[in-house]
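The values are calculated or read from the model by the stated rules, or taken from the named source; none is laboratory data. Quantities reported herein were computed from a predicted structural model and do not represent experimental measurements. Note that each Cβ is placed from the backbone with ideal geometry, even for glycine, and that neighbours are counted across all protein chains shown.
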Amino acid sequence: MNALRYLTVSIDRAPDEVYGFVGDPRNLPKWAAGLGAEIRPAGDHWEVVTADGRVGLRFAPRNDFGVADHWVTLADDREVYVPMRVMPNGIGSEVMLGLFRQPDMDDAAFERDAGLMQADLRTLKALLEKR
């Protein structure tokens, strides 16, 4: 079993607006720095060119529950599951993202990835709250 860390951010926007934004793969490069600057459809999934090569992305189907899970297929064909939820909190939203420690990650790499993903969530917050 892999260690799991939950990362969260509160966003002062309605949950349907937040979910609409994070649920659209075309918006990912605007807030998730590690997933490249350009995303394009590739059949039944999406592709992004990153510093580590081309990666594939699949997203959970749109739903009424705020589930924005996605699966990242790395250049070496390993697939990484990223659970993500947008939850109502009054008139605002809570965004929760799960980071699983990968088998080849040492403590420093896991902490680095957690920091990068938390920074992505802060970017998401800043982007959506200025709209």
Exercise. Residues in the range 18-32: is at least one on the phi > 0 side of the Ramachandran plot, out of contact with any Cys (no Cβ under 7 Å at 6 or more places or on another chain) and surrounded by 14 or more Cβ atoms within 10 Å (Cβ to Cβ)?
Worked result: no
Seminar exercise, completed: Scanning the range 60-87 for residues that are at pLDDT below 95, of a type in the set (A, V, I, L, M, F, W, C) and buried (at least 16 other Cβ atoms within 10 Å of the Cβ) gives Val72
Exercise. Pairs, please: C-beta under 7 Å, at least 6 apart or cross-chain, first residue touching a residue at least 12 places away in the same chain (Cβ under 8 Å) and in the range 91-115, second in a helix (DSSP H, G or I) and surrounded by fewer than 17 Cβ atoms within 10 Å (Cβ to Cβ)?
Worked result: Leu99/Ala114
For this session: For the range 74-96, indicate whether the set of residues that are outside any helix (DSSP H, G or I) and on the phi > 0 side of the Ramachandran plot is non-empty.
Result: yes
Seminar exercise, completed: Scanning the range 33-57 residue by residue, those surrounded by 13 or more Cβ atoms within 10 Å (Cβ to Cβ) and of a type in the set (A, V, I, L, M) turn out to be Ala33, Leu35, Ile39, Val48, Val49, Val55, Leu57
Exercise. Out of Leu28, Leu116, which single residue is under 26 Å from Met1 (Cα atoms), in contact with a helix residue (DSSP H, G or I) (Cβ under 8 Å, 6 or more places away or on another chain) and of a type in the set (A, V, I, L, M)?
Worked result: Leu116
Exercise. Does the range 92-105 include one or more residues that are among the hydroxyl-bearing types (Ser, Thr, Tyr) and surrounded by 15 or more Cβ atoms within 10 Å (Cβ to Cβ)?
Worked result: yes
Exercise. Within the range 58-67, can one find any residue that is of a type outside the set (Gly, Ala, Ser), over 25 Å from Asn2 (Cα atoms) and in a strand (DSSP E or B)?
Worked result: no
Exercise. Considering Trp46, Trp31, which residue is in contact with a strand residue (DSSP E or B) (Cβ under 6 Å, 6 or more places away or on another chain), aromatic (Phe, Trp, Tyr) and under 25 Å from Asp76 (Cα atoms)?
Worked result: Trp46
